[in-house]
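The values are calculated or read from the model by the stated rules, or taken from the named source; none is laboratory data. As the structure is a prediction and not an experimental result, all values here were calculated from the model. Positions of Cβ are backbone-derived with ideal geometry, glycine not excepted, and every protein chain shown enters the neighbour counts.
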There are 2 protein chains.
Amino acid sequence: PQYQFLPYIDKIASAKDFSKYNVLIALDAANKARLGRISPAMDVCPITINIDHHPDNSDFAKINWIDEKVTSTSEQIFNLWKLMDIPLTKEAAICIYVGMLTDTGRWQYSNTTGHSLKVAAELLDLGVEPTEIFEKVYENFSVEAFKLLTAGLSKAVFELGLGFVYTIITQEDLKTTGAKMTETETLVDMLRSVKDINVAMVLKETDKHETKASLRSHPPVNVGDLARAFDGGGHDNAAGFVTNEKSDVVVEKVKRWLTASFS
Amino acid sequence: PQYQFLPYIDKIASAKDFSKYNVLIALDAANKARLGRISPAMDVCPITINIDHHPDNSDFAKINWIDEKVTSTSEQIFNLWKLMDIPLTKEAAICIYVGMLTDTGRWQYSNTTGHSLKVAAELLDLGVEPTEIFEKVYENFSVEAFKLLTAGLSKAVFELGLGFVYTIITQEDLKTTGAKMTETETLVDMLRSVKDINVAMVLKETDKHETKASLRSHPPVNVGDLARAFDGGGHDNAAGFVTNEKSDVVVEKVKRWLTASFS
């Protein structure tokens, strides 16, 4: 909901009949499955283009342009714009800036390069207001989401011997606070911000009796490996999984995995 | 304490006898009083230089270089380095980057310009690791500080009609969590991150029976004016004051000020 301010967001339409389109451009999708409902169109469209920055991209289109060195697919679009020598509008600059900002975690992840900051500088020169963007993207909690975040923080359990912290969000928490399960995105990053914590985990008990885990780590812990042990996936330091097991069972298994890996 | 990682921080020495120095350079100080214990040296040193970016700088030295257009005095130092045509070392780049990062609130405040991001890009090209810096500066909470933060968030009171949220940190909170009063810096920013909140306030009950207020606002609310009403001061959207009045009295007075100003 915080992205409603993006220019032209109201122009986004949902296609139903894919047979009438000649070109399909996939952005920021590592594989065909990530296209979801649209993936059948990949086999139908005469021209398919895949623009992405994920190193594990599966080259699923006819034309594949994968650049692992950029912050984001937004930065690729900027580079393309430059190559085509079309002047950027302020509206386009805002969209590209937001894509780069969020994919670098506010210019903080290791994909933040000198080139990416030079691009950002150029976007600012085109009229992007960084303060306004930050407020809209990051200072936009509902009171309910704030209360859910607080509940999650209050229940944080520190296992300092393992450099591990976790918390569990239950259906009861959603009822008490009035928030939605999706409004817990920043919680795991906040848990990781504690000194000497190497792994932070937020477990969410869904209404389908599943347990969803969001994981963050600092090197040398690779939570991508941890997530794969639960048939999940992700990056080295940001990953996740979904399981039918109860949250307390998951906690015990994760603690055993950490103990086995780092002792 | 999070700045202990800065290169050469162990070389910082404290001067006692000011009469033996010929040059005094004041950095990032708006007026003589801000120099504290060192301010008498301003009258003794033959050459005094004042390098600052605050618009209300009082030109208190013999040579005054005030540049309001930069993010920070660190950015001025970068510009000076360029002018003098001395190659920047990685160590200097780290220090300048940290100064710019923290004075822009992670490239978010309105002082973030295209030029400042170009400077940041150049610093990254010199070997600054943004992820490492972010972790050291911003992901360095002690468990005690985390618990104090959580306590503060849990006690947040929303006055949505006034667009106002506040919380109170007591001596009891320090005892319960084991944290120090100084470890509450980020709390007020977190309170402000709630949608439709125009003013966030953290009140700290000190061990000297004073009440310290930290204030943040979004335009049009000017918490600088609010702070001055309590003999405090600061910027339009970040300000503070100290008073002998009890915290509950302060809350009532602030609510009256907001009601009078915005209704």
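Things worth noting here:
- Lone qualifier among B:SER116, B:SER74 - being within 9 Å of chain A (Cβ to nearest Cβ) and either not in a helix (DSSP H, G or I) or not hydrophobic (A, V, I, L, M, F, W, C) (or both): B:SER116
- Complete set of residues in segment A:5-39 that are exposed (fewer than 12 other Cβ atoms within 10 Å of the Cβ) and farther than 30 Å from A:GLU132 by Cβ: A:ALA15, A:LYS16, A:ASP17, A:SER19, A:LYS20, A:ASN22, A:VAL23, A:ALA33, A:GLY36, A:ARG37
- Tabulated pairs, segment A:189-206, first of a type in the set (S, T, N, Q), second crowded, with 24+ Cβ neighbours inside 10 Å, C-beta under 8 angstrom, 6+ apart or interchain: A:ASN198/A:SER217
- Qualifying residue in segment A:153-176 (condition: within 18 Å of the chain's Cα centre (by Cα), crowded, with 20+ Cβ neighbours inside 10 Å, within 12 Å of chain B (Cβ to nearest Cβ) and not basic (Lys, Arg)): no
- Failed item, numbered, when A:ASP103 is tested on (1) at pLDDT 95 or above; (2) more than 13 Å from chain B (Cβ to nearest Cβ): (1)
- Of the helices (runs of 4 or more DSSP H) lying entirely inside segment B:175-263, those carrying at least 3 residues that are of a type in the set (D, E, K, R) are B:247-261.
- Flag for B:LYS62 being in contact with a Ser or Thr (Cβ under 8 Å, 6 or more places away or on another chain) and surrounded by fewer than 19 Cβ atoms within 10 Å (Cβ to Cβ): yes
- Yes/no for B:TRP81 being surrounded by 11 or more Cβ atoms within 10 Å (Cβ to Cβ), within 30 Å of A:LEU117 (Cα to Cα) and touching a Leu at 6+ places or on another chain (Cβ under 8 Å): yes
- Any hit, segment B:153-164, residues being in contact (Cβ under 8 Å) with a residue 40 or more places away in the chain, within 21 Å of A:LEU153 (Cα to Cα) and part of a helix (DSSP H, G or I): no
- A:LEU35 being within 24 Å of A:THR182 (Cβ to Cβ) and modelled with pLDDT under 95: yes
- Pick from segment A:119-148, criterion small (Gly, Ala, Ser) and assigned to a helix (DSSP H, G or I), ranking: farthest from the other protein chains (Cβ to nearest Cβ): A:ALA145
- Residue that is farthest from the other protein chains (Cβ to nearest Cβ), among those in segment A:177-200 that are more than 16 Å from A:VAL223 (Cβ to Cβ) and basic (Lys, Arg): A:LYS180
- Residue list for segment B:40-53, filter: out of contact with any Leu (no Cβ under 6 Å at 6 or more places or on another chain) and surrounded by 16 or more Cβ atoms within 10 Å (Cβ to Cβ): B:MET42, B:ASN50, B:ASP52, B:HIS53
- Which listed residue, of A:ALA26, A:ALA15, A:ALA61, is assigned to a loop (DSSP other than H, G, I, E, B), touching a Phe, Trp or Tyr at 6+ places or on another chain (Cβ under 8 Å) and in the same structural domain as A:GLY127 (by TED's automatic domain parsing): A:ALA15
- Check on A:ALA213, under 17 Å from the mean Cα position of the chain (by Cα), over 20 Å from A:LEU148 (Cβ atoms) and either surrounded by fewer than 21 Cβ atoms within 10 Å (Cβ to Cβ) or not assigned by TED's automatic domain parsing to the domain that holds A:TYR109 (or both): no
- Taking the criterion of being part of a loop (DSSP other than H, G, I, E, B) and not polar (S, T, N, Q), the residues of segment B:1-12 that qualify are B:PRO1, B:TYR3, B:PHE5, B:LEU6, B:PRO7, B:TYR8, B:ILE12.
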